[in-house]
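Heads up: the structure comes next, in structure tokens.
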Amino acid sequence: MADSKKVDVLIVGAGITGSTLALELLAQGVTIHLIDNQEPNSSSRIAAGLINPIISKGIRKTWQYDQLFPAVFDYYKQWEKEFEERFISRYPYLVMHANSNENKQWERRALSLELTELLEISNFQCPQLVLDRHPYITKVNHCGRLDVQRFLLAAQHRFMALKSFCAEEFIHNALRCNSENHWCYKNIEAKKVVFCEGMGIGKNPWFNKLFFDPTVGDVLTVTIPGLDAAFMYKKKAWLIPTREPFQFLLGNNFLKVETNNEDLSIEAEALILCAKEITGLPVTLLQHKRGIRPTIQNRRPYLGQHPNYNNLFVYNGLGSKGVSLCSWLSPMMANYLVEKSVLPVDLDINGFNLRPQTEKTLPDFQ
């Protein structure tokens with residue numbers, strides 16, 4: 001075909017995982033092509049971009065903390081310089097506690113050697129209106145926000161300038177393996193294909209046997225005049241500043257996928273009540289978005305090559321910590337694709353039981 005295109009890697013999905021992986025591969029001189037359906041409610045395009053090193057349940061460091069923090073900020077600063085853009089911000093995170101018992105638990109953990117650098121329980125700056133309403137507060141360090149939408153747009157512009165991006169629905173049955181063991185999709189021939197599809201993985205005939213436990217997340221854009229935008233806030237829900245004056249992102253609920261759009265107003269009302277409890281200020285709703293993320297039961301991402309089909313790979317399931325995890329995993333995945341380096345056992349899908357697929361579930365490769 002005259003207009004055929006040969007690349008090293010075809011990436012399906014240009015959310016935060018696919019885009020950071022593509023950028024890492026380009027930096028190594030690898031030719032790439034991305035296909036993305038531009039789903040407006042995908043988890044990456046809904047994501048608030050919260051960067052937080054603490055898991056509240058158990059008051060402990062997030063998984064792989066030493067790999068991720070504070071290096072995550074330098075990672076996205078590197079791309080800011082590359083794109084001459086700004087999309088990463090640091091903010092102190094003020095966690096307000098419901099009662100003295102909860103506060104004592106955080107105080108004890110803050111005094112532990114493990115969390116000394118992360119948690120502050122006294123003598124830190126805090127807006128007076130918050131202090132007046134909440135006597136029990138812990139400040140969490142190494143927190144911030146990535147403006148995911150701005151980052152994805154900057155990356156997409158780069159891919160489009162290289163004529164390496166298609167905005168269209170990917171049809172799995174149209175992917176074929178040729179005699180050279182390369183994968184062909186329409187006019188594209190790729191040595192390797194990586195699926196970074198998010199919830200689209202459920203339609204993928206090669207990787208749909210991987211277990212996912214989808215969760216729904218609502219993110220509201222609200223205005224709260226008078227609230228200090230130099231901080232992020234958390235009590236039941238979180239509030240994260242945006243660049244717009246007195247505009248914040250509001251969210252934190254994790255619902256099952258059985259929920260539907262009929263309860264959007266109910267969830268919005270509940271979140272707005274949380275914001276009012278945090279601030280004591282009027283809250284005006286500007287926008288309400290809902291997305292579904294492909295959460296994994298053990299909260300570990302899926303990376304690696306399909307055990308039966310050469311050069312088909314998956315990179316998925318990063319969940320609510322995706323912004324942080326990409327800073328570590330995308331360079332790792334790129335090196336794995338280019339240099340055939342070894343993935344950690346707890347991430348490589350070949351360490352899991354990927355059940356054999358029947359011929360009926362697979363496309364015709366003839």
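Tell me the residue from Ser320, Ser330 that is polar (S, T, N, Q), modelled with pLDDT of 90 or more, under 15 Å from the mean Cα position of the chain (by Cα) and within 19 Å of Gln149 (Cβ to Cβ), please.
On the way: Ser320 fails: modelled with pLDDT of 90 or more.
When all the criteria are applied, what remains is Ser330.
So in the stretch 172-200, with the set limited to residues that are touching a Gly at 6+ places or on another chain (Cβ under 8 Å) and of a type in the set (Gly, Ala, Ser), which one is surrounded by the fewest Cβ atoms within 10 Å (Cβ to Cβ)? Steps first, answer last, please.
If we filter the stretch 172-200 for residues that are touching a Gly at 6+ places or on another chain (Cβ under 8 Å), which is where we start, we get 194-198, 200.
Still in the list and also of a type in the set (Gly, Ala, Ser): 198, 200.
Numbers: Gly198: 28, Gly200: 22.
Among them, the one singled out is Gly200.
Considering the stretch 107-126 alone, what residues qualify as being of a type in the set (D, E, K, R) and touching a residue at least 40 places away in the same chain (Cβ under 8 Å)? If the condition is that a residue be of a type in the set (D, E, K, R) and touching a residue at least 40 places away in the same chain (Cβ under 8 Å), then Arg109, Glu114 are the ones that fit.
Within the stretch 234-253, the residues that satisfy the criterion of being at negative phi, assigned to a loop (DSSP other than H, G, I, E, B) and modelled with pLDDT of 70 or more are Thr242, Arg243, Glu244, Pro245.
Which of the numbered conditions does His157 fail, given that it passes all the others? Conditions: (1) more than 20 Å from Ser4 (Cβ to Cβ); (2) modelled with pLDDT of 95 or more; (3) surrounded by 18 or more Cβ atoms within 10 Å (Cβ to Cβ). Condition (3) is where His157 drops out.
For the stretch 196-213, does any single residue satisfy the condition of being of a type in the set (D, E, K, R) and within 30 Å of Val95 (Cα to Cα)? The answer is yes, given that some residue of the stretch 196-213 is of a type in the set (D, E, K, R) and within 30 Å of Val95 (Cα to Cα). The stretch 27-123 holds strands (runs of 3 or more DSSP E) entirely within its bounds, and those carrying 1 or more residues that are surrounded by fewer than 19 Cβ atoms within 10 Å (Cβ to Cβ) map to 88-90.
Total residues in the stretch 271-289 satisfying the condition of being in contact (Cβ under 8 Å) with a residue 40 or more places away in the chain and surrounded by fewer than 21 Cβ atoms within 10 Å (Cβ to Cβ): the figure is 11.
Of all residues in the stretch 124-144, those that are within 14 Å of Met232 (Cβ to Cβ), aromatic (Phe, Trp, Tyr) and either in the same structural domain as Tyr233 (by TED's automatic domain parsing) or surrounded by 16 or more Cβ atoms within 10 Å (Cβ to Cβ) (or both) total 0.
All told, Trp63 meets the bar of being among the aromatic types (Phe, Trp, Tyr) and modelled with pLDDT under 95.
The values are calculated or read from the model by the stated rules, or taken from the named source; none is laboratory data. In this text the structure is predicted, and so the values were computed from the model without any measurement. FYI the Cβ positions are ideal-geometry reconstructions off the backbone, even for glycines, and counts take in every protein chain you see.
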